Structures are given as structure tokens and as C-alpha cells.
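Below: the structure, in C-alpha cells.
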Amino acid sequence: MEPSLIIAPSILAADFAHLATAVHEIEGAADWVHVDVMDNHFVPNLTIGLPVVQSLRKATTIPFDVHLMITDPERWAPGYAEAGAHNVTFHAEACDNPVALAKTLRAAGAKAGLAIDRDTPVEPYLELLPYVDTVLIMTIKAGFGGQKFMPEMLDKVRDVRRRIKAKDLQVRLEVDGGIAADTIEQAAEAGADAFVAGTAVYGAEDPAEACRKLRALAERATAGS
Ligand code: DX5
Ligand code: ZN
């Protein structure tokens, strides 16, 4: 059984020459490792792809939360599911048929996630919630770590949470971008239950301690709800 709240450090903020070490540092303190795949097309930035994920998968047992910021996810996303990713999230803006891709990902053994970027309204996607396992609301513009959290994105989180509750769905509601000790509580209060944190974890002296601190803050914010 998964914990009620998920802390997912993003290795985008880690040392790319020592990714296995970075993952080992947060084992036991984090629930998922968030892997940001960027293709220099969907977003201007370029990070890592399938071969790195395949190698890293062998170095740890912690579940991988793969965030695909790429065009043509229909072509590439299933490979990450086959590589053993726990959750594979693709962007709504890059996909013509999210329900079909979610089905493919589930058939390949992964959870399927739908990401909504900063400039995309969430309303048109609310009816797709029964077909996905995770909704990722960007609280920045996708593409780079270290950006400032945008509290106005939390209206989308509230909208998704309301729909999950109304329909009694089993969907994770994840936030990504600028999540840190001073922002995680508002995201949790808005209804998020999975939290990606890059800079706040890997920029910290002790990444595992940073994860524990974030979890405590999120738990406190949701206590009694
Ligand atoms: C950015 C990525 C994020 C990034 C978050 O597009 O999707 O996962 O790593 O980094 P921070 O936590 O530093 O905002
Ligand atoms: Zn991400």
C-alpha cells in the first residue's frame, strides 16, 4: 500500500554524474523518484532519456515517477513503462488521445499520468480523470528546475480534487515546480497528495532530511481533512 502522501524528489536538481548516489541518498525518506525527461522540442531544455532510466532502474528499488516533457509521447512513453517505471506521465498538450495512451501505459504495467502545463486550463481534461492514475499540475512553466512557485495554479488543483471527490476516483494529484518548505502546505491544503521537489531536496545539505521535513509539513497541512 502506498502512503497517503507521496514525496517525489526530482533528480533534475541532482548531480547528473552521480545519479545512482543521488537516488540512494533519499531511499527510505522519499516515496518515488521523479525523473524529468525533456527533449528540446516540447520544452527548450534537454535532459535524459530511456537508456539512463534503464540503467538507473537497476540501481535502486524506489519507484520511478517519469515525467515526459516530450513531443510524440505515443511513440516514446511505452518504453518507460516497459523499463519498469511505476508511473509514466505525459503532457496533455503533446497528446491527441490521452485516454488511448493511458490505456497503453497501463497495459505495459505502469500507472498513467496526465500533466497540465502552466498555460493549459484543466477543465477540458476533468472528464478524463477516470482513465488516468495520476494528474500532475505544473506549478511553474515546464522546462527548468529552480523556478518560483505560482500559487495561482492551485485553483487547478482544487478543481481536480473536487472532481476526484465528487466521482470517488482513485487518482493521485501531483504538483511540480517550486515545491519547498514555504509552499508545500498551500499545495497540500489545495488538495495535492503527491509533491515533486527538486531544488528543495537536492539543494539541501541533507536530501533525506529535506524529504522528511517536506512530508511533515504536508501531513500537518492535511491533518483532519
Ligand atoms: C521542471 C520539472 C520539475 C523540476 C522541479 O519542468 O518538471 O520536476 O525538477 O524543480 P524545482 O523543484 O526546483 O522547481
Ligand atoms: Zn517534473
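FYI, it's all coordinate maths here, none of it is from the lab. Because the structure is a prediction, the values reported are computed rather than measured. Positions of Cβ are generated from backbone atoms using ideal geometry, with glycine treated the same way; all protein chains shown enter the neighbour counts.
List, in order, the whole-Hz ³J(HN,Hα) value for each residue of the stretch 26-34 obtained from phi through the Karplus relation with A = 6.51, B = -1.76, C = 1.60 and θ = phi - 60°; use x for Gly and Pro.
Result, ordered by residue: 10, 4, x, 10, 10, 9, 10, 9, 8 Hz.
Can you list the equivalent-ellipsoid semi-axes of the stretch 120-195, largest first and in whole Å, using the square root of 5 times each Cα gyration tensor eigenvalue?
Equivalent-ellipsoid dimensions as semi-axes: 21, 13, 10 Å.
For Gly146, enumerate residues with amide H under 5 Å from its amide H, sequence gap 5+ or separate chain, H modeled in the peptide plane.
Here Gly178, Thr199 satisfy the definition.
Viscosity 1.567 mPa s, temperature 4 °C: what is the translational diffusion coefficient of the stretch 164-225 from Stokes-Einstein with a Kirkwood Rh over Cα pairs, rounded to a whole number of µm²/s?
The Stokes-Einstein estimate is 107 µm²/s.
Step through the residues of the stretch 157-173 one at a time and calculate ³J(HN,Hα) from phi using the Karplus curve (6.51 cos²θ - 1.76 cosθ + 1.60, θ = phi - 60°), rounding each to whole Hz and writing x for Gly and Pro.
Result, rounded to whole Hz: 4, 4, 4, 5, 4, 4, 5, 4, 5, 4, 9, 6, 8, 9, 10, 6, 10.
Report, ordered by chain and residue number, the lysines lying within cross-link reach of Lys167, taken as a straight Cα distance under 25 Å and ignoring same-chain residues fewer than 8 apart.
Cross-link targets: Lys103, Lys111, Lys156.
Give the Rg/Rh ratio for the stretch 31-158, taking Rg as the radius of gyration of the Cα atoms and Rh as the Kirkwood radius, to two decimals.
On the way: Rg = 13.9 Å, Rh = 14.7 Å.
Here the Rg-to-Rh quotient is 0.94.
Given charges of +1 on the Cβ of Lys and Arg and -1 on the Cβ of Asp and Glu, with all other atoms neutral, how large is the dipole of the chain about its Cα centre, in debye to the nearest 20?
Roughly 420 debye, rounded to the nearest 20.
For the stretch 6-222, what does the convex hull of the Cα positions come to per residue, in cubic angstrom?
Roughly 106 Å³ of hull volume per residue.
Over the chain, what is the percentage of antiparallel beta bridges among all DSSP beta bridges, to the nearest 5?
DSSP beta bridges in the chain are roughly 5 percent antiparallel.
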